[in-house]
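Below is one structure, written out as structure tokens; the observations come after it.
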Amino acid sequence: MKVIKRDGRVVEYNRNKILTAIKKANAEVDRYEKLTDEKIEAIVASIEGLRRDTMHVESIQDMIEQKIMAEGKFVLAKTYIIYRYTRELVRKANTTDDSIMSLIQNRNKDVMEENSNKNAYIASTQRDLIAGEVSKDLTKRLLLPEHIVKAHEEGAIHFHDMDYFVQTIFNCCLINIKDMFENGTVMNGKLIESPKSFQVACTVMTQIISAVASSQYGGQSVDIRHLGKYLRASRQKYEEKYNEQYGGKMDPYIIEQLVQDRLNDELRSGVQTIQYQINTLMTTNGQSPFVTLFMFLDDEDEYIEENAVIIEEILRQRLEGIKNEKGVYVTPAFPKLIYVLDENNCLKGGKYDYITKLAVKCSAKRLYPDYISAKKMRENCNGNVFSCMGCRSFLSPWLDSDGNYQFEGRFNQGVVSLNLPQIGIIAEGNMEKFWQILEDRLSLCFEALMCRHHALEGTLSDVSPIHWQYGAIARLKKGEKIDELLHNGYSSISLGYIGLYEVTKIMTGVSHTDPVGTEFALKIMKRLRSATDTWKEETNIGFALYGTPAESLCYRFARIDKERYGEIPDVTDKGYYTNSYHVDVREKIDAFTKFTFESQFQNISSGGAISYIEIPNMQHNLNALEEIVKFIYDNIQYAEFNTKSDYCHECGFDGEIKINDELGWECPQCGNKDHSKMNVTRRTCGYLGENFWNVGKTKEINSRVLHI
């Protein structure tokens, strides 16, 4: 017999534990209330006599109480109940001591590697992680219903960001940088007025990003279009200055050259300020701001010419890279870049094709930018083109009181994700059972998401003035509640999902790329979307279906299910689940077919969807990459590239990194052996999974495994 523990773990039945518990209670009562050893044995035997495959530990304890009372030993039954209650209190006692001490001593591998953007060895980061462990403990013991915590522990759902749930802060947002530029803002009690030049606007923008990032836990996105106005202001300032000094004394052409040279210097310095400030600033949560720059050449933008040169300079500096501690140019993690493809730059003879060619060159060497198709987004989003939030979740179109679409100044309340493969495993191929379990799990997700929503209700604007009072999100009064921004679809709240490929494989026997599997997968996706639409209609809260890129969750769900249900071919045996609706990385499928197939899911998963392909080193074959970019414009809303080329982030070496004689990879240029600081092409076996390696034996690096 197997016993299901309270945390969802399945363990072998151990009769000695039951005997010990009863005997401890038995020892505390007087001799008239005691049970004989034979009676105790009989109680245990009666449980075993049921011959069940599995029993929940709570059911076993209930049966023991009933058996003791049936013997007329009511004092003993009460003593056993008290013993059981005391054990429950112990379980609910503070559980953070070991996790915190192991963090300080650099032993807590799970927490240290959960966020690859945080260096868990640094004191400021450890401070945030320690606070996170306390938040998780309070959340599990006090803030969430037990059955939701149990579902999270069992891997049925994932309640994201428990390490911040104790505070009334939210996930990610689109900063209303236009409002903050034009109307000023306040940081640390100091007024920051509207910028008068491009350089100042860039500096103010990075200060805003840092302040905003310090009072939320998810990413931020900023629309670069709002900088164009200030680049023009700088030009006008230089024109006035030089014309005043040299007008009538110098050739107008030379004056224009002086203006342009000065403007180019300011352009370079301003963009460099953005890049270096973002990479050197440290927010209060122990990492660089998780920021995305949105680059859109909008024909309706009066500052499109200024924004074209700003975007070009951003791409040039990203292509060059940023110097590490050894003075070598490497690829920075932030800011993330999103480049919008439109008719004027989709490599079909548009005015700004030259910038797209630069973007492609940058993608080949530095991974970013990602690409959004304005054409497909307009089809999917009521004619609008806008950025995803820093966490790659998308807002729904929303009209303000004047009937204008608004996206900036809006945010996401949080995420709960659903483990789809686990439902398939439990259903064992029974379709009726599958759909019933899915409905139960959706109800659970709704309840968990409402916990997130209710936790934010009643929050006062004073909690984060930069967000609620000074323009990043709103201009509320001091002491005013943020509740109006939690309703009417102004902000989103997201249902995530993992493993559409695996659940389809379990239930139909084929991949979701097979016509039979596709039909089933689309049926699941439409049901998930229908659920969020229904919740939105019933509650007036912006529920959205979100294809989360949470890679660590793919491993967590697979690990839990493997422990509980064993190795299932092509499901739990891989060590990971496939992200959201994505095609499994082992399927032999070309980039164009993959994008075409996955595009049908992006429209359904409107609260967040990204597709990616892995490509070889394309720096010497940019024409092929340009063809993919053209294809993206016509066929898929949001896509990115993962380059399968060797690259050392320590020294910038871009060549073949070979296996050394001992533990694995070693950079031939600088001798770096830290696998977390290099990209390595998968070889020999053709495996295309994420970050896997194997040198004769399996060795874990950052909770992942590399196959060579």
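The values are calculated or read from the model by the stated rules, or taken from the named source; none is laboratory data. Here the structure is a predicted model, which means the values were calculated and not measured. All Cβ positions, even for glycine, are placed from backbone atoms using ideal geometry, and neighbour counts span all protein chains on display. What goes into the accessible areas is simple: the full protein's heavy atoms, side chains included, and nothing from ligands, DNA or RNA. Shrake-Rupley method; radii C 1.70, N 1.55, O 1.52, S 1.80 Å.
Looking only at residues that are at pLDDT 95 or above, touching a Ser or Thr at 6+ places or on another chain (Cβ under 6 Å) and at negative phi in the range 341-366, which one is surrounded by the fewest Cβ atoms within 10 Å (Cβ to Cβ)?
Going through the qualifying residues, I end up with ASN345.
Report, by residue number, each residue of the range 163-182 that is more than 11 Å from ALA472 (Cα to Cα) and surrounded by fewer than 18 Cβ atoms within 10 Å (Cβ to Cβ). Spell out the reasoning first.
At the first step, the residues of the range 163-182 found to be more than 11 Å from ALA472 (Cα to Cα) are 163-172, 182.
Across the range 163-182, the qualifying residues are GLN167, THR168, GLU182.
Among the residues in the range 221-243, are any without any contact (Cβ under 8 Å) to a residue 12 or more places away in the chain, of a type outside the set (A, V, I, L, M) and either closer than 29 Å to VAL385 by Cβ or open to solvent by less than 40 Å² (accessible area, probe 1.4 Å) (or both)?
Yes, that holds for at least one residue.
Can you list residue pairs whose Cβ atoms sit under 6 Å apart, with the first residue in the range 554-572 being within 15 Å of GLU153 (Cβ to Cβ) and the second being part of a loop (DSSP other than H, G, I, E, B)? Count only pairs 6 or more apart in sequence or on different chains.
Correct list of pairs: PHE557/GLY155; PHE557/TYR577; ILE560/GLY155; ASP561/THR572.
Please work out which one of (1) within 27 Å of SER387 (Cα to Cα); (2) under 23 Å from the mean Cα position of the chain (by Cα) is the condition CYS451 fails and give its number.
Among (1) within 27 Å of SER387 (Cα to Cα); (2) under 23 Å from the mean Cα position of the chain (by Cα), CYS451 violates only (1).
Here is a yes/no grid of residues against (1) part of a helix (DSSP H, G or I); (2) in contact with a Ser or Thr (Cβ under 8 Å, 6 or more places away or on another chain):
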| site | (1), (2) |
| --- | --- |
| GLY132 | yes, no |
| HIS152 | yes, no |
| PHE170 | no, yes |
| GLU182 | yes, yes |
| GLN199 | yes, yes |
| THR203 | yes, yes |
| VAL212 | yes, no |
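Which numbered condition trips up TYR612, out of (1) touching a Ser or Thr at 6+ places or on another chain (Cβ under 9 Å); (2) open to solvent by 10 Å² or more (accessible area, probe 1.4 Å); (3) not in a helix (DSSP H, G or I)?
The single condition TYR612 does not satisfy is (1).
Could you give every pair whose Cβ atoms fall below 8 Å, whose first residue belongs to the range 509-530 and is among the β-branched types (Val, Ile, Thr), and whose second residue is open to solvent by 60 Å² or more (accessible area, probe 1.4 Å), counting only separations of at least 6 or pairs across chains?
Correct list of pairs: VAL510/VAL516.
Just a yes or no: is a residue in the range 151-160 open to solvent by 40 Å² or more (accessible area, probe 1.4 Å), under 24 Å from VAL415 (Cα atoms) and at pLDDT 85 or above? Spell out how you get there, then give the answer.
Pass one, the range 151-160, residues open to solvent by 40 Å² or more (accessible area, probe 1.4 Å): 153.
Checking which are under 24 Å from VAL415 (Cα atoms) leaves us with 153.
Now drop any that are not at pLDDT 85 or above, which leaves 153.
Yes, some residue in the range 151-160 is open to solvent by 40 Å² or more (accessible area, probe 1.4 Å), under 24 Å from VAL415 (Cα atoms) and at pLDDT 85 or above.
Under 6 Å between Cβ atoms, at least 6 apart or on separate chains: pull out the pairs that start in the range 598-611 with a residue that is within 9 Å of ILE636 (Cα to Cα) and end on any residue that is of a type in the set (D, E, K, R) and open to solvent by less than 10 Å² (accessible area, probe 1.4 Å).
Listed by first residue and then by second, the contacts come to SER611/GLU598.
Among the residues that make up the range 580-587, is at least one of them open to solvent by 20 Å² or more (accessible area, probe 1.4 Å), part of a loop (DSSP other than H, G, I, E, B), at pLDDT 90 or above and not aromatic (Phe, Trp, Tyr)?
No.
Give the residues of the range 401-451 that are open to solvent by 70 Å² or more (accessible area, probe 1.4 Å), free of Cβ contacts under 8 Å to residues at least 12 places away in the same chain and not basic (Lys, Arg), sorted by residue number.
SER401, ASP402, ASN404, GLU428, ASN430, GLU432, GLN436, ASP440, SER443
Would you please name the residue that is surrounded by the most Cβ atoms within 10 Å (Cβ to Cβ), looking only at residues in the range 260-275 that are polar (S, T, N, Q) and under 35 Å from the mean Cα position of the chain (by Cα)?
Filtering the range 260-275 for residues polar (S, T, N, Q) gives 260, 264, 269, 272-273, 275.
Next, from what is left, pick out any that are under 35 Å from the mean Cα position of the chain (by Cα): 269, 272-273, 275.
Working: SER269: 13, GLN272: 14, THR273: 18, GLN275: 22.
That would be GLN275.
Condition first: over 18 Å from ILE493 (Cα atoms) and not charged (D, E, K, R). Now tell me which residues in the range 444-467 satisfy that.
Selection gives LEU460, SER461, VAL463, SER464, PRO465, ILE466.
Determine whether the range 250-269 contains at least one residue that is assigned to a helix (DSSP H, G or I), acidic (Asp, Glu) and in contact (Cβ under 8 Å) with a residue 24 or more places away in the chain.
Within the range 250-269, the first condition is being assigned to a helix (DSSP H, G or I), and the residues that meet it are 252-269.
Keeping just the survivors that are acidic (Asp, Glu) gives 256, 261, 265-266.
Restricting the remaining residues to those that are in contact (Cβ under 8 Å) with a residue 24 or more places away in the chain gives 266.
There is at least one residue in the range 250-269 that is assigned to a helix (DSSP H, G or I), acidic (Asp, Glu) and in contact (Cβ under 8 Å) with a residue 24 or more places away in the chain.
Do we find that GLU48 is in contact with a helix residue (DSSP H, G or I) (Cβ under 8 Å, 6 or more places away or on another chain), open to solvent by 40 Å² or more (accessible area, probe 1.4 Å) and either within 15 Å of TYR80 (Cα to Cα) or not polar (S, T, N, Q) (or both) in this structure?
Here the answer is yes, as GLU48 does meet what is asked.
Suppose we keep only residues that are open to solvent by 10 Å² or more (accessible area, probe 1.4 Å) and not aromatic (Phe, Trp, Tyr) within the range 457-472. Which one would you say is nearest to VAL416 (Cα to Cα)?
My answer is GLU457.
Mind checking whether some residue in the range 479-489 is within 17 Å of ILE423 (Cβ to Cβ) and either open to solvent by 20 Å² or more (accessible area, probe 1.4 Å) or touching a Lys or Arg at 6+ places or on another chain (Cβ under 9 Å) (or both)?
Going through the range 479-489, the residues within 17 Å of ILE423 (Cβ to Cβ) turn out to be none.
Among the residues of the range 479-489, not one is within 17 Å of ILE423 (Cβ to Cβ) and either open to solvent by 20 Å² or more (accessible area, probe 1.4 Å) or touching a Lys or Arg at 6+ places or on another chain (Cβ under 9 Å) (or both), which makes the answer no.
Looking only at the range 307-340, which residues are open to solvent by less than 10 Å² (accessible area, probe 1.4 Å) and farther than 19 Å from SER269 by Cα?
ILE338, TYR339, VAL340
Quick check, is ASN108 at pLDDT below 70 and either open to solvent by 40 Å² or more (accessible area, probe 1.4 Å) or over 30 Å from GLU551 (Cα atoms) (or both)?
Criteria not met by ASN108.
Only one of these is open to solvent by 40 Å² or more (accessible area, probe 1.4 Å), in contact with a helix residue (DSSP H, G or I) (Cβ under 8 Å, 6 or more places away or on another chain) and of a type in the set (A, V, I, L, M): VAL516, VAL503. Name it. Write out each step before concluding.
Working: VAL503 fails: open to solvent by 40 Å² or more (accessible area, probe 1.4 Å).
Every option except VAL516 fails the conditions.
Given the conditions (1) in contact (Cβ under 8 Å) with a residue 60 or more places away in the chain; (2) in a loop (DSSP other than H, G, I, E, B); (3) at negative phi, report the number of the one that PRO397 does not fulfil.
Every condition holds for PRO397 apart from (1).
Please go through the range 51-72 and pick out each residue that is open to solvent by 50 Å² or more (accessible area, probe 1.4 Å), free of Cβ contacts under 8 Å to residues at least 24 places away in the same chain and over 18 Å from ASN16 (Cα atoms).
Within the range 51-72, GLN66, MET69, ALA70 qualify.
Name the one entry in TYR577, TYR555, TYR546 that is touching a helix residue (DSSP H, G or I) at 6+ places or on another chain (Cβ under 7 Å) and under 25 Å from ILE425 (Cα atoms).
The conditions single out TYR577.
Taking the range 519-545 only, how many residues are out of contact with any strand residue (DSSP E or B) (no Cβ under 7 Å at 6 or more places or on another chain) and surrounded by fewer than 18 Cβ atoms within 10 Å (Cβ to Cβ)?
12
Quickly run through the range 404-445 and pick out the residues that are assigned to a helix (DSSP H, G or I) and either closer than 24 Å to ILE466 by Cβ or touching a strand residue (DSSP E or B) at 6+ places or on another chain (Cβ under 8 Å) (or both).
Within the range 404-445, LEU420, PRO421, ARG441, LEU442, LEU444, CYS445 qualify.
How do the pairs read when you match residues in the range 131-152 that are farther than 16 Å from CYS445 by Cα with residues anywhere that are charged (D, E, K, R) and in a helix (DSSP H, G or I), using Cβ under 8 Å and keeping only pairs 6 or more apart or on different chains?
If the second residue must be charged (D, E, K, R) and in a helix (DSSP H, G or I), the pairs left are ALA131/ASP163; GLY132/ASP163; GLU133/ASP163; SER135/ASP163; LYS136/ASP163; ARG141/LYS92.
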